[in-house]
1. Contact list please: Cβ distance under 6 Å, first residue in the range A:98-113 and among the charged types (D, E, K, R), second residue crowded, with 20+ Cβ neighbours inside 10 Å, pairs at least six apart or on different chains.
2. Looking at (1) part of a loop (DSSP other than H, G, I, E, B); (2) more than 16 Å from ligand 1 (Cβ to nearest atom); (3) farther than 26 Å from B:ALA236 by Cβ, which one does A:GLY92 not meet, given that it meets all the others?
3. Quick one: is A:ALA73 within 16 Å of ligand 2 (Cβ to nearest atom), touching a residue at least 60 places away in the same chain (Cβ under 8 Å) and more than 14 Å from chain B (Cβ to nearest Cβ)?
4. One residue is enough: does the range B:236-245 have a residue meeting the conditions touching a Phe, Trp or Tyr at 6+ places or on another chain (Cβ under 7 Å), within 14 Å of chain A (Cβ to nearest Cβ) and closer than 30 Å to A:ASP170 by Cα?
5. Can you tell me how many residues within the range A:194-231 are away from ligand 1 (no atom under 13 Å from the Cβ) and not in a helix (DSSP H, G or I)?
6. Considering the range A:222-242 alone, what residues qualify as being buried (at least 18 other Cβ atoms within 10 Å of the Cβ) and among the β-branched types (Val, Ile, Thr)?
7. Given the condition buried (at least 23 other Cβ atoms within 10 Å of the Cβ) and within 14 Å of chain A (Cβ to nearest Cβ), answer yes or no: does some residue in the range B:180-194 qualify?
8. Could you tell me whether A:GLY181 is more than 16 Å from ligand 1 (Cβ to nearest atom), outside the structural domain of A:ARG114 (by the TED database) and in contact (Cβ under 8 Å) with a residue 12 or more places away in the chain?
Amino acid sequence: MVASALAQTSPETLARPSAGASLDIDNVSHAFNLDGSTLHVLDHVSFDVKPGEFVALLGPSGCGKSTLLRLIAGLEPPNAGALKVNGQTITGPDPSRVVVFQDPTLYPWRTVWRNVALGPEAQGKLKESRGRVDEAIDLVGLGQFSKAYPHQLSGGMAQRVALARALVNDPSILILDEPLGKLDSLTRLTMQSELVSLWQEKGFTAILVTHDVEEALFLSTRVIIFSNRPARIKADFEVDLPYPRHRGDPRLAELRHRSLAELGLDSTW
Amino acid sequence: MSNHSAIETISTAEISPIKRASTLSANPELIYAAGAWAVSGVITLLWPNTQEFERTTDLAVLQWIFAALLLVVHVFRGQLAGLFRKLHYNAWRLVALAVLLSIWQVASAKLGLWPQPYFPPPQGVLDAYIKDYVRLADSIRASLILLFFGVGLGALAGFLTGLSTGWSPRVGYWTIPFLRLFGPVPATALIPIVLFVFPTSFSGGAFLVALATWFPVAVLTWSGVSSVDSSYYDVARTLGAKERFLLLKVAIPATLPHLFVGLFMALGGAISVLVVAEMLGVKAGLGFYLDWAQGWAAYGHLYGALIVMAVLFSGVTTLLFFVRDRVLVGQSGGVQW
Ligand SMILES: Nc1ncnc2c1ncn2[C@@H]1O[C@H](COP(=O)(O)OP(=O)(O)OP(=O)(O)O)[C@@H](O)[C@H]1O
Ligand SMILES: [Mg+2]
């Protein structure tokens, strides 16, 4: 669907120079207050992401991945350390860093079209962005659903609307928090290929949290593995394989063994 | 391309369930209903009254006309499909209505079980409508104007109170004690004060109705604003939304379902205050009409006005739900009507 949508769209509308931004995470620690006691979630996390990289974050549930993404999005300031985009410290949310949250979080009172148009509308540039909203909806294959309401969509369709809502802002960093976690395996595989083509097409920097080791290896140029809470970086390696990748590739299998070992699951494999 | 077919399949899925055209059944339920109404007409006319009651013949004729209409709808169900379906669904309720009407008829006019003139037969009510429809219509108009004025004002004030209380802690600091202290005071308790403080009885009545509406709407709106999922705000903020957008385009639409629950709850209280205020001081409207009818021992008028009230206020509530379903497209509202 993406491939065909791309073929139908004229090249000049898509060739936007939105080269990805770089991201520097420097000694970031974060904690929450839970019933009076301190819950350490991030423990001196440091890594740099080059423009246009596709980084997958893997780690046990509850270790602090979503928290790190919230810090990158600028929704909360870190307790310690600094996060920088293109060398500038993140002080708040910005539409150039868009998050696709773990839940699609569509507004039930808005149609698909108006949900996707949320970013341009909030930034006061809806008028000139109408075409791009249509384009983004077509891109995720929901053209005939623009007038539907979220309750009329399947879970996978809702997740694709959330993706379109992010893409319409032409982000320089796309932050994805398990965006495919709730999809059936078939739709999931399709969406993985779509994500890769989108990323290749637009050139943004992608940060993807996932529980699925194969997904991380299939999509990303680099994998970072976190420890149990408080999250510390346990492993950080490149996935040096050309796209399109093949799921049966023996080198992927090898990397999967390594990743599972880091996650403490080697005995089961 | 084969891995893209999954999405295509999903995309062509239906958006909403398509209603299957139900076949028009020839079941005789509507004939039973027509029969029940015809029989109730016969009881009205042929069973002699214990004393003279006006409009007995007229009532019987009306009952037969209604029975005939039901028959017509049954016979022409092909042409009157929509009406037929509605009546057919309600056929047993129509039968029950005819039975209840006949019980009333027999107990009051035929056997004299219910003492007269306190419990006039149905024709007594019919007589009241025919003789007094002008005054009754005036009363309906007066009640509706007062109700809409008061509820509109109270809903607006309640919405603004609740919204600002839930949105801004600084406003909440002052409004919350006010809401806590004065909210639970029944508006009816203020009637004696209001009726001499306000310059006209209409403005006083409108104030009381507004007050009864204000509290539930304010509380529900307040709790609605406070319970908006914080991820709704996160989404908007990452997309570049500022405070104003968060309030107008996120908080308010997310709160509207709660506002309508508040309005629904408020309406009952508002109507009861309305009627009491009309009885005590407003000197117009259905409450006043009831008071007047009671004073003149016009019991047919009294029951007639009660029936009008039931229909009218049920209609107002239906209207509220109609508006809600229009406004809240895509959101499931809590209360059903
Ligand atoms: N607002 C908050 N207040 C208190 N504790 C929080 C808050 N947000 C997250 N936490 C805690 O921080 C820890 C990390 O949460 P986070 O959502 O980042 O995990 P995660 O790695 O994304 O997990 P998952 O993979 O299951 O989504 C959890 O133990 C959670 O209870
Ligand atoms: Mg998470």
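The values are calculated or read from the model by the stated rules, or taken from the named source; none is laboratory data. Predicted, not measured: the structure shown is a model, and the values here were computed from it. Cβ coordinates were reconstructed from backbone atoms using ideal geometry, including for glycine residues, and neighbour counts include every protein chain displayed.
1. none
2. (3)
3. So A:ALA73 fails the test.
4. yes
5. The number of residues fulfilling the criteria is 8.
6. Hits for the range A:222-242 are A:VAL223, A:ILE224, A:ILE225, A:VAL239.
7. Looking through the range B:180-194, none of the residues is buried (at least 23 other Cβ atoms within 10 Å of the Cβ) and within 14 Å of chain A (Cβ to nearest Cβ).
8. Here the answer is no, as A:GLY181 does not meet what is asked.
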